[in-house]
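Here, each number is a calculation from the coordinates, and none is a lab measurement. In this text, all values refer to a predicted model and were calculated from it rather than measured experimentally. Please note: Cβ atoms are built from the backbone with ideal geometry, for glycine as well, and neighbour counts cover all protein chains shown.
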Amino acid sequence: RAVCMFSRAHFFRLLHLSRETNRRSRRPRLRLHQNLLRRCPRSCTADNWQPSPASLFHDHLIDHLDAQKSIEDSFESGQLHSFTGGSQPDTLAMERDPEAAPLIAPGVTKRQSHLVVKCFAGLAVLLLVLYFAMWLPAGKADIPDRHRRPSHKSNTSLPVVLWHGMGDSCCASYSIGYVADLISDHLGVYVHSIATGGNTAQDVSSSFWGNVNDQVASVCDDIRNTPELQDGYNAVGFSQGGQFLRAVVERCQGDEGGWRMHTLVTMGAQHQGVYNLPNCGTDDDDPKDQPTSACLAVQAVVARGAYLPYLRDHLVQAQYFKDPYRLDAYLANNPFLPDINNELESKNAAYASNLASLERLVLYRFQKEYTVVPRGSEWFDFFDGTMLVNVSDTALYKEDWIGLRTLDEAGKLVRAEVPDARHMQFTAEWFQTNVIERYLKDK
């Protein structure tokens with residue numbers, strides 16, 4: 001009965017009731033719509049209602065909480081009565097006022113109904129993690145050396161700090177470890193690859209599960225305790241490692257008179273967060289392009305789970321989930337991204353001055369990006385729920401909350417694109433030419 005409260009239109013209950021019909025029918029979609037129309041409340045038969053399960057689920061999930069008071073008032077006034085099931089799953093006896101609110105199970109409190117919504121939302125977020133994790137290679141028990149010391153020392157280039165992305169580790173020979181060797185051998189500099197776990201398996205899992213604020217604080221201490229970095233360094237952040245290194249600059253730049261970052265290069269970072277699953281974005285070049293109803297339904301569920309107290313403090317991806325349809329909830333409940341973007345009411349002036357102290361901030365966006373939604377987040381563009389807003393039109397830029405406009409006006413902000421490439425898909429030759437030679441070579 002509690003499940004019946006999950007959707008005001010009894011979506012899951014109707015799917016269950018029509019299951020037998022769907023197995024026998026040659027036209028299951030038509031039969032499903034017939035059952036929905038027959039059993040839904042009067043409000044669902046309005047002229048603007050589209051008989052699509054995905055859109056029905058999304059629309060009623062959004063106004064679920066608002067509907068509960070009306071439903072409870074109807075029970076108190078006696079307009080709604082209990083229901084009993086017959087001998088068959090699709091038998092339902094109802095006694096209700098045709099103008100009354102949708103029927104729910106009596107005796108189920110508002111708190112219990114909210115718990116059901118949160119459970120389903122939390123499950124959806126965990127499924128998102130599994131969606132990514134299923135493609136990951138297995139980690140090893142020990143962690144290789146994350147420090148690369150060159151065979152020949154350069155007198156013209158700074159050391160380099162790397163922070164890997166989701167599902168990777170600091171030193172995997174097929175990914176960041178290879179990049180570290182490439183930089184060290186080509187420039188003759190010390191390379192420090194950040195690890196947030198004690199071994200490879202922990203390092204990989206910490207890119208999914210952990211508190212990002214704690215990780216950033218730990219990395220700041222790690223950098224301060226690395227003598228090779230005390231005269232300054234450049235940094236490259238891959239995917240989510242990009243915004244994490246930006247947090248290092250804003251919070252720890254020049255601490256105690258040293259360890260200053262000079263150039264930060266971010267590869268496909270989510271600077272304005274993400275708001276949906278991969279492949280559920282819109283065409284950034286087409287302002288009329290909108291997410292599908294199925295993607296909107298998924299987004300609504302994931303958004304509710306991302307801001308639950310336990311998940312938001314432990315699921316890494318939830319800590320940069322930015323729901324454009326519920327910005328108030330995002331600002332109130334997201335513990336990481338609103339802070340480093342200085343979006344909260346109380347601004348931290350040090351964040352703007354620290355980021356503006358960079359000699360260069362380079363933002364790389366992947367041309368065929370489908371993993372990061374929206375793709376423009378990699379350039380600080382923001383999807384407002386209707387269209388993608390260029391960074392120059394956002395308050396973050398206009399009011400210079402984090403020093404981005406200062407960098408841009410000084411010619412220190414670079415927005416570049418990895419051509420004909422999906423997320424984190426580039427060759428060693430491209431990286432050497434466009435990142436190492438262009439932005440990491442020479443002081």
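For region 284-387, a simple Cβ point-charge model (Lys and Arg +1, Asp and Glu -1, everything else neutral) yields a dipole of about 220 debye relative to the Cα centre.
The phi-based Karplus calculation (6.51 cos²θ - 1.76 cosθ + 1.60; θ = phi - 60°) puts the 3J(HN,Hα) values of region 303-317 at 4, 5, x, 5, 9, 5, x, 6, 5, 5, 9, 10, 7, 4, 5 Hz, whole numbers, x for Gly and Pro.
Between E417 and R365, the built amide H atoms are under 5 Å apart, and every one of these is 5 or more places off in sequence or on another chain. Close amide H contacts of C171 (hydrogens built in the peptide plane, cut-off under 5 Å, sequence separation of 5 or more or a different chain): G177.
Residues whose amide H comes within less than 5 Å of that of V265, counting only those at least five positions distant or on another chain, are A235, V236, G237, V362 (H built at 1.01 Å from N in the peptide plane). Among residues other than I340 with Cβ under 10 Å from its Cβ, the summed charge is -1 (Lys and Arg +1, Asp and Glu -1). About its Cα centre, the dipole of region 184-232 is roughly 100 debye, where the only charges are +1 on Lys and Arg Cβ and -1 on Asp and Glu Cβ. Ordering A428, G385, I402 by the projection of their Cα atoms onto the charge dipole of region 368-443, which places +1 on the Cβ of Lys and Arg and -1 on the Cβ of Asp and Glu, puts A428 at the extreme positive end. Each residue of region 387-401 is assigned a 3J(HN,Hα), and the resulting list reads 8, 7, 9, 4, 4, 5, 9, 9, 5, 4, 7, 4, 8, 6, 4 Hz, derived from the Karplus form 6.51 cos²θ - 1.76 cosθ + 1.60 (θ = phi - 60°), x at Gly and Pro. Let me know the shape class of region 326-421, please: from the alpha-carbon gyration tensor, a ≥ b ≥ c as square roots of the eigenvalues, rounded when a/c is under 1.5, otherwise prolate if a/b is greater than b/c, or oblate. Oblate, since a/c reaches 1.5 and b/c is not below a/b. Computed 3J(HN,Hα) for region 364-375, one whole-Hz value per residue from the Karplus formula 6.51 cos²θ - 1.76 cosθ + 1.60 where θ = phi - 60°, is 9, 10, 8, 5, 9, 7, 10, 7, 8, 10, x, 4, glycine and proline marked x. Calculated on the Cα set of region 192-280, radius of gyration then Dmax: 13.7, 45 Å.
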